[in-house]
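Right, one structure below, let's go through it.
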């Protein structure tokens, strides 16, 4: 009976699928959903119906997790919506290359060097903090094949 | 000089009144400055007279009148009587001699005159006012219409000025003085005004009313109305209550006409009622006049007080009122606008004369009841029509509801009336209401032209059972007056509609082609019919029971017993009917003739449930109506509260039929519980996308386990296993409400399991699966790598939701047991939070789980367990802080996210602190004091961690702001000493927030901040008395508060909340207070103002000891109120 058995979970890494279906009624605020083919964080959810004896429809308002653009959609509550696989992982910043690529170390010690310094103020602060010799943790957001540093945290004492 | 001022003002007025595109912002601003300065002119009377004489610009005239008003209020005490009188005389003649004056200028000048009369009357006890009234009456008698109207305007202005006291502090008088003036006016002049107007109206309306006199009649009527709605408040009521009366005066619902003996000769004069009813008859089609005339009649229906000296007088008055009323309503066709007024007359008569009604002559009482019934039905139909037209005005709906209110009183004293009166009326109104809600041909729903349509309806819109709650309750009451009529009627209609629906659904199942529009609207209409029938059945069979034990209504109980006694019931047939919802009634032999009507109606709803189940299994779910389903579940919920497993000792008499069907230890009860559980499971599985229906379903489920006896029945029902499966298995598709509600139910059932080994077994069956799932998810060796995976994360969310449900179901007796079982999981959560800190859903779920834990369980837990909770909570808070400090993010939902998190953290802290005052664990404190951890220390430790994350920006979220200040108030109230021991930085941040809170975030927060200041100052004072060094931390608040008050930055409604904190501060810091006063005085440039201010400050603390004792505090509060009125009267604010 459980719908979960019918659902194929793919890890985002396998490259096979970047989303999976989930019934609209099971979505929740602060969770993720695809709106207009963009991965979004759900910031508002409300229901309505057509006619007094009609069935519920879910009205979703989401913010694109990469561009911060606002999207809306409406869907019968029994239908499925696509949910993006979203990963938000912390890495330790070890170096910045001359061409602005970051050296990032994962928890297990693996190093990756395929991400650039983020644009805008975050990038400027990242550069400044790094130059000042601060230890930095970078949060990397990954969904639908896009990947970008969205937050930094100066690593004080006891963070893992 | 006046020339120059006048020229300047007129030029400025031109700028201000010019169209915005013709002048610059700067021009406008400087023009405004001209007037702002003008308003501050001192002793402006001569100047203003000149302006009034010479200017022809209305705006300038208006401003001049305003200036006179404010100067008068400020300077009254310093003015000579002679000057005042001549000014007033001047103004009076001014308006009399200038008939062309713009109305708004005239009104303003009238107000000034009225204020002068009122202020003067405080000193001369109304002598002067009497003379003015003589003059005014003279004006009205002149026969010159313009003068007559002016006379009326003066009376109106006077009445307006005297009418309210609590809100008229702007005239520079203390409330007591206002109130005294009002009473004095009431006694000496109000009756005179009434008599005068009554006389004049009588003269003017003796013959046909002349068109030209209508304005005068209208004015006189409105004055009379003013006298009749006047709040004749007893002087013995406290100020606050008087304020309530006076604000009611301003709104629609006027206070009753409560008069003293001095009014006997006027109001009991039979000509009064006669005149007003006749007058209404004549003007009822004139909307301008009819409204006032109707209000007079409504007020006359509320006559009470010492004016009525005996029962006979009362009966006599009521008799003549009703005779006139009946004459009126039986000879007119009610027009839309008068429905509310007429319903109010009936409602007020019933409310104010309920005891006298039965001593009326029988023919009058009978006619009155008949008319009341007729009007109720008429208004019900009108209301239905309005509904179906989606009319903006709900005139009939309101009128109908007023009459229902009247009926509630009648029904509650039904025994006083001849019994057939109430029964006939009840049946008649019940039938009318029913037919208003049924589709043709049985009813006339949609008579207004608009049937159900396909509008978009927001889920937050009220449903019918909330929207029409009061109506439905009263209609249910009517139904119970005539159960022999209403129960079989409802049952038959329901059975009929269920059969028809079944037929329609069958047709849909058969034909695989798409549904035609006509058949779909047919089904819609059926749904609407059934929906209303179910709502009515629920209200006839059950009463609302919020906050009390739900009982089967005595009328229903009696009726069920009567049927048995009269041999109409075959119990066996009745049970067969109940137990076979799959069959229709006609399939059961003898059911039509000999089934108990109560059970028949209940089983009609069960049949409906069965039909839904069949439709669902035939894949017709999307043809069903979630709205109807939710009404059905609502019925089942309401019904099971009282009928299912009734507790015999609550009843003085009990129907054996009901007992046999649903009593304890009967197969009927067990069958019913299983039936309901099956329905619940079905809804959860099928309607998971319908939030309202799921919510209603969960309420039903919780009701089924609310008591020991019901829980036992659920345990025996054989369906527990399904519930456990639904609740504990991975079900990512279930909505949150179902997830939590299911687990909550299971834990609540656990309370009913008594014997220890069964209990162990029960928890093993219900809680263990969750525990295992959690371990399975988090315990695997590579969890540190896999935790990011969607599947794992969904699993974690799912199991956390269930744990939230667990804590929500915890009640005292099982708290320790449940805690024991879930501690290992709770213990893991800080680590889990650290791991998932980038996933807000999980972070918030963890915080929410702790909030629930501390809210529902902590108070029952003994010391040892509590300490474990504190420890885990603090670790969680620390982890949260560690993950979120020094973090910069580009996400633009970040602030909103933080707001939600911090709100939860605040709630968590507040819950922890609550243990300090609510502790039901009955455990002795541990012998070793080191093991005693007090909640307040835990709280402060946590606060210390969170405060750095709190920014002033976050306080702009109203809910967070409120939660924050409530929390701080709470801790200051219970442990002020601990607050002062906080680390300096934290303490100053806290006090800075209080300072900001005083004037930045609205009323509620200001009051909380005043409370905080008060308790902290009080603490400092008491410590000082004990000889401890005085803490200077609160001293700046004295200055701040005083400044805010004097500069009117604190709203006048809130001033009273500031007096006691200020008093405590003054007690603490007496020397600083003196300095503060000196600096205020030194800042005054005008010596006369400085003098008055000095006097005011002296009076403020005169005869008051600064010892914080209650009598002194109260005295200070009274002085402070006077101080404020006084000072704000003369102190100009920049």
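For B:945, B:155, B:792, which order do you get if you count the other beta carbons within 10 Å of each Cβ and list the fewest first? Please report the intermediate quantities before stating the final value.
Numbers: B:945 19, B:155 26, B:792 16.
Result, fewest neighbours first: B:792, B:945, B:155.
Taking other Cβ within 10 Å of each residue's Cβ, how do B:1101, A:154, B:807 sort, fewest first?
A:154, B:1101, B:807
What does the average come to when, for each residue of peptide B:682-694, you count the partner chain Cβ atoms lying within 10 Å of its Cβ?
Partner-chain Cβ atoms within 10 Å, mean over residues of B:682-694: 4.
Would you please put A:25-35, B:45-55 in order of how densely packed they are, using the mean number of other Cβ atoms within 10 angstrom per residue and starting with the highest? Kindly include the intermediate steps, with their values, before the conclusion.
Numbers: A:25-35: 21.3, B:45-55: 17.5.
Packing proxy ranking, top to bottom: A:25-35, B:45-55.
Does anything in the stretch B:41-70 have its amide N under 11 Å from the 7 Å Cα→Cβ label point of residue B:18, and if so which residues?
Within reach of a label on residue B:18: no residues.
Let me check the size of the stretch B:260-403 from its C-alpha atoms; what are the radius of gyration and Dmax in Å?
Taking only Cα atoms of the stretch B:260-403, I get Rg and Dmax of 15.6, 51 Å.
For a quick protection proxy, order the peptides B:314-323, B:1006-1015 by their average other-Cβ count within 10 Å, most packed first.
Values: B:314-323: 18.6, B:1006-1015: 23.3.
Highest-to-lowest ranking by the protection proxy: B:1006-1015, B:314-323.
Quick one: grab Rg to one decimal and Dmax as a whole number for the stretch B:1-72, Cα atoms only, in Å.
In order Rg, Dmax, the Cα atoms of the stretch B:1-72 give 12.1, 38 Å.
Return the average number of partner chain Cβ atoms within 10 angstrom of each residue Cβ along peptide B:788-801.
Details: counts 9, 7, 13, 7, 1, 3, 8, 1, 0, 2, 2, 0, 0, 1.
Averaged over the peptide's residues, the number is 4.
How would you rank B:621, B:358, going from fewest to most other Cβ atoms within 10 Å of each one's own Cβ?
Details: B:621 17, B:358 12.
Ordered from fewest to most neighbouring Cβ atoms within 10 Å, B:621, B:358 come out as B:358, B:621.
With only alpha-carbon pairs counted, each pair once and no self-pairs, how large is the Kirkwood hydrodynamic radius of the protein assembly as shown in angstroms?
37.4 Å
Compare the peptides B:588-599, B:559-570, B:657-668 by average per-residue count of other Cβ atoms within 10 angstrom and give them in order, highest first.
B:588-599, B:657-668, B:559-570
Sequence gap at least 6, Cα distance under 8 Å: using those rules, report the relative contact order of chain B to the nearest whole percent.
5 percent
Between 0 and 90 degrees, rounded to the nearest ten: what's the tilt of helix A:120-131 against the longest Cα principal axis of chain A?
Around 30 degrees separate the two axes.
Looking only at other chains, what is the average number of their beta-carbon atoms within 10 angstrom of each beta-carbon in B:618-624?
1
Read the figures in this text as sums done on the coordinates, not as results from a lab. Small disclaimer: the values here were computed from a predicted structure and weren't measured. Here the Cβ is made from the backbone with ideal geometry for all residues, glycine too, and neighbour counts use every protein chain on show.
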